[in-house]
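*Asks:* Next up is a structure, given as structure tokens.
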Amino acid sequence: MNNVKRLNKWANAHTYFPVDLLRIALGVFLFVKGISFITNVQYLQDLISPIDTMGGGMFLVHYIAPAHMVGGIMIVFGLLTRWAIIAQLPILLGAITVNLIGNMHSQSILLAFLTLGVCLFFLFYGSGKNSADYYFKMQE
């Protein structure tokens, strides 16, 4: 807990508007990806088919899209950003695994690696000053 407070203090002292725009863009991207998975469930089932042999395929279908949508909204507003990103990490690692095990799509794996990298950045950086977390913290 002490490490998180120290990271928050550092991030709030070194916050920049372009970093906040990157966080908002990440949240919008995840939300739109969740919407696309809901509107095309068969595409999502085809994507997870290489790892569906382990079981839990229907659980994954019902976890991925809502986690992207809710997590994306939370990341856009900067509300519990680290928790929202922690919920995204298994999905992104699964996306990389699916691309490595199944048919390799260079654009998809590049997008998954890029999204994972940005998520890991915000996992350590936090939500910054222009966020709901900072606003609620200042209300205390």
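Here's the yes/no breakdown for (1) of a type in the set (Gly, Ala, Ser); (2) closer than 16 Å to Val28 by Cβ; (3) assigned to a helix (DSSP H, G or I); (4) modelled with pLDDT of 80 or more:
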{"position": "Ile51", "(1), (2), (3), (4)": "no, no, yes, no"}
{"position": "Val61", "(1), (2), (3), (4)": "no, no, yes, no"}
{"position": "Ile75", "(1), (2), (3), (4)": "no, yes, yes, yes"}
{"position": "Leu79", "(1), (2), (3), (4)": "no, yes, no, yes"}
{"position": "Ala95", "(1), (2), (3), (4)": "yes, no, yes, yes"}
{"position": "Leu111", "(1), (2), (3), (4)": "no, yes, yes, yes"}
{"position": "Thr115", "(1), (2), (3), (4)": "no, yes, yes, yes"}
{"position": "Cys119", "(1), (2), (3), (4)": "no, yes, yes, yes"}
{"position": "Phe122", "(1), (2), (3), (4)": "no, yes, yes, yes"}
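*Asks:* For the stretch 25-36, how many residues are buried (at least 16 other Cβ atoms within 10 Å of the Cβ) and either of a type in the set (A, V, I, L, M) or not in a helix (DSSP H, G or I) (or both)?
*Replies:* 2
*Asks:* Can you tell me which residue in the stretch 9-24 is modelled with the lowest pLDDT, limited to those that are among the hydrophobic types (A, V, I, L, M, F, W, C) and surrounded by 15 or more Cβ atoms within 10 Å (Cβ to Cβ)?
*Replies:* Ala11
Table: residues versus (1) outside any helix (DSSP H, G or I); (2) modelled with pLDDT of 90 or more; (3) over 30 Å from Lys129 (Cβ atoms); (4) aromatic (Phe, Trp, Tyr).
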{"site": "Leu7", "(1), (2), (3), (4)": "no, no, no, no"}
{"site": "Ile38", "(1), (2), (3), (4)": "no, no, yes, no"}
{"site": "Tyr43", "(1), (2), (3), (4)": "no, no, yes, yes"}
{"site": "Trp83", "(1), (2), (3), (4)": "no, yes, no, yes"}
{"site": "Ile91", "(1), (2), (3), (4)": "no, no, no, no"}
{"site": "Gln107", "(1), (2), (3), (4)": "no, no, yes, no"}
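*Asks:* Consider only pairs whose beta carbons are under 9 Å apart and that are at least six residues apart or on different chains; among these, list those whose first residue lies in the stretch 77-88 and is in contact (Cβ under 8 Å) with a residue 60 or more places away in the chain and whose second residue is of a type in the set (D, E, K, R) and assigned to a helix (DSSP H, G or I).
*Replies:* Filtered contacts from the stretch 77-88: Arg82/Asp133.
*Asks:* With the structure loaded, tell me whether Asn103 is among the polar types (S, T, N, Q), modelled with pLDDT under 80 and either farther than 24 Å from Val19 by Cα or not in a helix (DSSP H, G or I) (or both) or whether it fails that test.
*Replies:* Answer is yes for this residue.
The values are calculated or read from the model by the stated rules, or taken from the named source; none is laboratory data. Not measured: the values here are computed from a predicted model. For neighbour counting, all protein chains shown are included, and Cβ atoms are generated from backbone atoms with ideal geometry for every residue, glycine included.
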